[in-house]
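A short reminder: the numbers here are calculations on the coordinates, not readings from a lab. Note that the structure is a prediction, hence the values are computed from the model and not measured. All Cβ positions, even for glycine, are placed from backbone atoms using ideal geometry, and neighbour counts span all protein chains on display.
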Amino acid sequence: THRERESFFEVRFMSKFLKFYLIIILLSCSALADIKEENATNTLNTWKQETKFYIDNFYNLTGTFTQIDYVGNISKGNFWINNKKEIAFHYNPPYETVIIYKSGKLFFKERKSESFQNYSINNNPILELLENNSNINKYLNSSIIDGNIGKITINVNEGNERNSLEVVFDYPKPVLRQWKYIDHQKKETNIFFSKLNFVESVQKQYFVTK
């Protein structure tokens, strides 16, 4: 009948329309997914570039830190990075520990009245982070993004987590937040940084080792 033919054509029309509409939706979703992936890639690349610039300019930086050692002991203090990219950690009372990385050596003492002991640390990942001639891009290229943080791992002995340093920055705007150092005995020490501030100059007194 005439009515049946009309119904048949309406059904065919609606079927074609729905197929066309479904194709448009699928194409839109695919395009949006591609755009989202491209934006994420661009954001990651920008973060890598800004993090490299941030690390390259680790000069005249001050702040506080909280350290948790491998047995869970907690200590706090202040740190300074000078214009030579030397770094000094001064622990708060009751501790009197001072640790200074400079000139390829680690200077260390536990009491103010003591003299500094020093050790050569040519293969230390902390120096690899701080030294200007290090290939920081190598570590940035294998960085891991986890929510609002980005991590790079500096491992001077590839394939071995001993003597390695995981460095945590904010993401997408890089700000230093944490170090996780694993020593030769696989003992883990975490240092959390806060109140970071770039200054015009850092006083030399924090780096005196005599």
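Points worth noting:
- Counted charge near Lys187, where neighbours are those whose Cβ lies closer than 12 Å (Asp, Glu -1; Lys, Arg +1): -1
- Excluding same-chain neighbours fewer than eight residues apart, the lysines reachable from Lys48 by a Cα-Cα span under 19 Å are Lys36, Lys138, Lys151, Lys173.
- The lysines whose alpha-carbon is closer than 27 Å to the alpha-carbon of Lys210, local same-chain residues fewer than 8 away aside, are Lys76, Lys84, Lys85, Lys102, Lys105, Lys109, Lys112.
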